[in-house]
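Report on one structure; see the data block that follows.
The values are calculated or read from the model by the stated rules, or taken from the named source; none is laboratory data. In this text the structure is predicted, and so the values were computed from the model without any measurement. Here the Cβ positions follow ideal geometry from the backbone for every residue, glycine too, while neighbour counts run over all protein chains shown. The area values use the complete protein model at the heavy-atom level, side chains included, leaving out ligands, DNA and RNA. Shrake-Rupley method; radii C 1.70, N 1.55, O 1.52, S 1.80 Å.
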Amino acid sequence: MVKTIIEKVWDRHVVTEEEGKPDLLYIDLHLLHEVTSPQAFEGLRLAGRKVRRPERCYATMDHNVPTRNIETVSDPTAQKQMTTLEKNCEEFGIELAHMTHPDQGIVHIIGPELGLTQPGRTIVCGDSHTSTHGAFGAIAFGIGTSEVEHVLSTQTLWQNRPKTMEVKIFGKLGTGVTAKDVILAVIAKFGIDVGTGHIIEFTGEAIRNLSMEERMTICNMSIEAGAKAGLISPDETTVEYLRGRRHVPDGEEFEAVAAEWLSLATDEGAVYDTTLTLDAAAIEPYVTWGTNPAMGTGISGHVPYASDYASPSDKEALKKAITYMGLEEGMPLSDISIQHVFIGSCTNARLSDLRAAAAIVEGQHVHPSVTAIVVPGSRSVKRLAEQEGLDEVFKAAGFEWRESGCSMCLAMNDDVVPAGERCASTSNRNFEGRQGAGARTHLVSPAMAAAAAIAGRFTDIRKVPVLQD
Amino acid sequence: MEPINVVTSIMTPLDRKNVDTDQIISKEFLKRIERTGFGKYLFYHWRFDSEGKANTDFVLNDSRFEGSQILVADENFGCGSSREHAPWAILDYGFRVVIAPGFADIFYNNCFKNGILPIRLTQNEIDSLLADGQKIPVELTVNLEKQTVTRKDTGAILPFNIDPYSRQMLLNGWDEISLTFQYEDQIAAYEERMAR
């Protein structure tokens, strides 16, 4: 019988299925960080339970870590949370890339870097952006702390089988249009909850042509479309990315697992519960104008008018969003000035993202009214970028070059956008207060963020000279 | 986990779509390592202004809804971050039931692990509850055993669906991990099968 990759991977992980119950699903890899794990470990201790398979767990510190002066954490509550993770990992025998460890980074960036993320695996983490790992053809999803505790003690989860959804991006992307623009366009077109109860498989020529890093950007934001998970069938691009990584076998053994990975791809003729399609050529560089990731449009567009919406609740939602954002109906996106630029996060802080941004800023200077920071996604990304001299390009242009972590994506550390100020951000969420109480977030690609840093407002990257050469 | 079956209370109407977990509990309150004490931070930036004064036009500051155990909101409630601090804050504040046309998956799951009953009603039923409930406080009786929500004002009985497993967990207040331990043999057999 022909199957989608979603069904193949799910079926292989069902420990038991009974009438009237969800499936008991085996979890191959459990990633942990300091914010959503302390109560889970405490639960284990209170019940006298152990971690069933500590070797299937991997922990790091990312949400709270300072990106300047990493030796001192100014907030004692944050420090305590990190110390707690360190103690928990020691007590329960879990490998930890602590704050100053060479492998430290955002949990969704280091999993793939280390080769922990592999096709066909079930991967969970107490973080909604776990969907990132789906880029490899894994079923990867975010869970709450109670489920973290459940996985720690049983290596399983009770899960209802999700429905399957294909999002097909056909054709070729235009110059200056990136993976970030694709996923923002998908969410804007189909809605913030289109994926609820589903796992999305992204397919089509435009997806096939993406690098692994770009595929991670797409899958990362599946959750912003409400999906349980997002994934992409493995192909040669997947295999070549993983070859030689630390936790991946080598030699003949690698060729054997690679063949197995490729066999997971969705079979010809397999049927999804839902299929949605989008023309790659119609996608522009995107900018969000509102307070959720679906509230965005192409850079040549404008903030909507209330009259564009039929339902009173949508009109009301628009009004609330633009009031918070300090924008007017009908305002062209290219008229919006910004004060901050954040290049970072699990969505867009990999080496190729930094290269794309550096190509725009090279030889230019950050606009005098803009503060711009680059926060590499991991220490490894930072080292590689420095070997290429990207740090010098950014610094010469007036960017700050920081240490790795989640940083200004959710502003749990000191990297906060002040109230009423506006940030062009390569992160994933523009919710009210996400980057600081009263802060206004516009989601964009790294190249669009870099161009905004130079111009002091949003500008069409397709008209920037460097792209025309 | 405290079992839940029948809850009778005035409903709190939160007339918003796509309420994300960043609004339910803001990131500055995620640094604590306990599960309790989050209620005072629920919807913090909607409840209080930048000086910490109560925003009188926000529904949680409306004295008519004081002591409410049932929160009613519009579609896609709980979207965004997986933070279980969101249901912890909702529970600690005093809500046992959240009713909406739809919920984001992770939030929906997280509710069941904490003795909170998330109920999906139709968009029409919610529209009417939100409209009426903002004018005059509406008392609801939620019955999980019977899978109904009853409006005291109109007498309307609104049935709801819930999967039998989650219903049992809530009715009994079971600890899911203890239940899963009964499947130890199957888990061990799976691991052995996969190791081969």
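Pairs of C-alpha atoms in chain A farther apart than 41 Å represent 14 percent of all such pairs. A cut-off of 5 Å between modelled amide H atoms, ignoring neighbours fewer than 5 places along the same chain, links A:Lys3 with A:Asp267.
For A:Val464, the solvent-accessible surface with a 1.4 Å probe is about 30 Å², rounded to the nearest 10. Ordering B:Ser82, A:His247, A:Met216 by the projection of their Cα atoms onto the charge dipole of the protein assembly as shown, which places +1 on the Cβ of Lys and Arg and -1 on the Cβ of Asp and Glu, puts B:Ser82 at the extreme positive end.
Pairs of C-alpha atoms in segment A:266-386 farther apart than 23 Å represent 53 percent of all such pairs. Residues of segment B:142-182 that become at least 50 Å² less accessible with every protein chain present than in their own chain isolated, using 1.4 Å: which are they? For segment B:142-182, once contacts with the other chains are taken into account, B:Tyr165, B:Ile177, B:Thr180, B:Phe181 lose 50 Å² or more. Mean partner shielding of peptide B:184-193, defined as the number of other chain Cβ atoms within 10 Å of each residue Cβ, is 4. What the phi angles of segment A:415-422 give under the Karplus curve with 6.51, -1.76 and 1.60, with θ = phi - 60°, is a coupling list of 8, 10, 8, x, 4, x, 8, 10 Hz, glycine and proline written as x.
So which of A:Lys189/B:Lys27; A:Lys180/A:Lys395; A:Lys80/B:Lys27; A:Lys189/A:Lys315; A:Lys382/A:Lys463 end up more than 20 Å apart by C-alpha?
On the way: A:Lys189/B:Lys27 29 Å; A:Lys180/A:Lys395 24 Å; A:Lys80/B:Lys27 16 Å; A:Lys189/A:Lys315 17 Å; A:Lys382/A:Lys463 29 Å.
Too far apart for the 20 Å limit: A:Lys189/B:Lys27; A:Lys180/A:Lys395; A:Lys382/A:Lys463.
Bridgeable lysines around A:Lys320 (alpha carbons under 20 Å apart, same-chain partners fewer than 8 residues away excluded): B:Lys17.
Which order do B:Lys17, A:Lys463, B:Lys53 take by accessible area at a 1.4 Å probe, largest first? Write down the numbers at each step before the final one.
Values: B:Lys17 45, A:Lys463 150, B:Lys53 125 Å².
Putting B:Lys17, A:Lys463, B:Lys53 in descending order of accessible area: A:Lys463, B:Lys53, B:Lys17.
Annotation: amide H-H contacts under 5 Å for A:Val303 (H modelled 1.01 Å from N, sequence separation of 5 or more, or interchain): A:Gly330, A:Met331, A:Leu333.
Listed by chain and number, the aspartates and glutamates placed with their C-alpha closer than 16 angstrom to that of A:Lys172 are A:Asp181, A:Glu205, A:Glu214, A:Asp279, A:Glu284; residues fewer than eight positions away on the same chain are left out.
To the nearest 20 debye, what is the magnitude of the charge dipole of the protein assembly as shown about its Cα centre, counting +1 on the Cβ of each Lys and Arg and -1 on the Cβ of each Asp and Glu? Let's see the in-between values first.
On the way: 64 positive and 92 negative charges, 170 e Å.
The dipole of the protein assembly as shown has a size of about 820 debye.
Amide H contacts under 5 Å for A:Glu166: A:Glu201, A:Thr274, A:Thr275, A:Leu276, restricted to partners 5 or more places along the chain or on a different chain, H placed in the peptide plane at 1.01 Å from N. Of the solvent-accessible surface of the protein assembly as shown, computed with a 1.4 Å probe and all protein chains present, 49% belongs to carbon and sulfur. For the set A:Ser300, A:Ser345, solvent exposure ranked by accessible area (probe 1.4 Å, protein chains only) runs largest to smallest as A:Ser300, A:Ser345. Only protein heavy atoms count here; under a 1.4 Å probe, B:Lys31 has an accessible surface of about 30 Å². Here the Karplus curve 6.51 cos²θ - 1.76 cosθ + 1.60, taken at θ = phi - 60°, turns the phi angles of segment A:13-30 into couplings of 10, 7, 7, 7, 10, 10, 4, x, 10, x, 6, 8, 9, 7, 10, 7, 9, 10 Hz, with x standing for Gly and Pro.
For the pair A:Thr100 and B:Met1, label points projected 7 Å from Cα toward Cβ lie 4.2 nm apart. The contact between chain A and chain B removes approximately 4600 Å² from the accessible area (both sides summed; 1.4 Å probe; ligands, DNA and RNA excluded).
Mind ranking A:His30, A:His365 by accessible surface for me, highest first, 1.4 Å probe? Walk me through the intermediate numbers first.
Details: A:His30 0, A:His365 110 Å².
Result, largest first: A:His365, A:His30.
Taking B:Phe48, B:Phe103, B:Phe65 as the candidate residues, the one with maximal mean-square fluctuation in a Gaussian network model of chain B, Cα springs under 10 Å, is B:Phe48.
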